[in-house]
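Here is the structure we will look at, set down as structure tokens.
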Amino acid sequence: MCPSLKFFQKSYIMMAVLMSLNTSYLCAQKSPNRTLHPPNLIIIFTDDQGYEDLGCFGAPKIKTPHIDRMAKEGMRFTDFYVANSVCSPSRAALLTGCYPDRVGISNVLFPRHKEGLNPAETTIADVLKAKGYATMCVGKWHIGHKPDFLPTRHGFHSYYGIPYSNDMDLDRSATFANDIIFREGQSRENLKTKKDWVPLMRNEEVI
């Protein structure tokens, strides 16, 4: 791939993160009494959330005090554009800054699928990790549940969450942790799969 094409594949998402870092450094440099250090970055990406489902966006009954505080102390945006309307492609775009089709994630992935986001792709986590950040992914991943595609292969030091949607089931080929806890009559010898029995993972193992 030619350098210019690779450059134009990266969208405003990666640029926004880097601009944020540069702006923080510039502001710190203007104040001689401030210690130079990179800001903490938290990205919360949710499924099926309405515009008014947070207190800081006017929710009359839903209480979200911690997120409201983050909005008050940081920056609150009132417009958001996503590259796709479903789980896997939208996450691939957010992490890479590329259109989903360009990174091979054009539709929702299921436990039966063997593909995922190519480890050779550069993610926001890769960029931040290279700058010395400690990176972690918590919650739903959904851009590949095989070992090569998990968060730990995409710039995250650690991962704790579910590999795909909560209405899916367990992939029998998953790696089980030595301290795994089985529930509802399940065991290593009597392992069954059922809709809505989504596995919980720690790094690259089901726990």
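Each value in this text was obtained by applying a stated rule to the coordinates, not by laboratory testing. Just so we're clear, the structure is a prediction, and the values are computed from it rather than from any experiment. All Cβ positions, glycine included, derive from the backbone under ideal geometry; neighbour counts span all protein chains shown.
Which one, P111, T78, S90, projects farthest toward the positive side of the charge dipole computed for the stretch 73-147 from Cβ point charges (K/R +1, D/E -1)?
The listed residue farthest towards the positive side: P111.
Each residue of the stretch 83-91 in turn: what ³J(HN,Hα) in whole Hz from Karplus with 6.51, -1.76, 1.60 and θ = phi - 60°, glycine and Pro shown as x?
Once θ is set to phi - 60°, the couplings for the stretch 83-91 become 6, 7, 8, 10, 3, 4, x, 5, 5 Hz.
Quick check on packing: order 88-97, 192-201 by the mean number of other C-beta atoms within 10 Å, highest mean leading.
Top of the packing list down: 88-97, 192-201.
Hey, rough spin-label estimate for R102 and A177, points 7 angstrom out along Cα→Cβ, what's it come to in nanometres?
So the label points at R102 and A177 sit 3.6 nm apart.
I need V206, V138 ordered by Cβ neighbour count within 10 Å, fewest first. Present the calculation step by step, with values, prior to reporting the outcome.
Values: V206 17, V138 12.
With the sparsest Cβ surroundings first, the list reads V138, V206.
Report the gain in length on full extension from Y51 to I67: 0.36 nm times residue separation, minus Cα-Cα distance, nm rounded to one decimal.
Here the segment from Y51 to I67 would lengthen by 4.4 nm.
Among residues other than C87 whose Cβ falls under 14 Å from its Cβ, what is the net charge (Lys/Arg +1, Asp/Glu -1)?
Values: positive: R91, K140; negative: D47, D48, D167.
Surrounding charge for C87 is -1.
Determine, at each q value in 0.15 (inverse angstroms), the log₁₀ of I(q)/I(0) that the Debye formula gives when each Cα of the stretch 85-206 is one equal point scatterer.
-0.67
Suppose R0 equals 41 Å; then what is the FRET efficiency for E189 and I43 from their Cβ-Cβ distance, rounded to the nearest 0.05?
Values: r = 40 Å, r/R0 = 0.99.
E(calc), rounded to 0.05, equals 0.50.
Give the percent of DSSP beta bridges with both residues in the stretch 101-207 that are antiparallel, rounded to the nearest 5.
Here the share of antiparallel DSSP bridges comes out near 50 percent.
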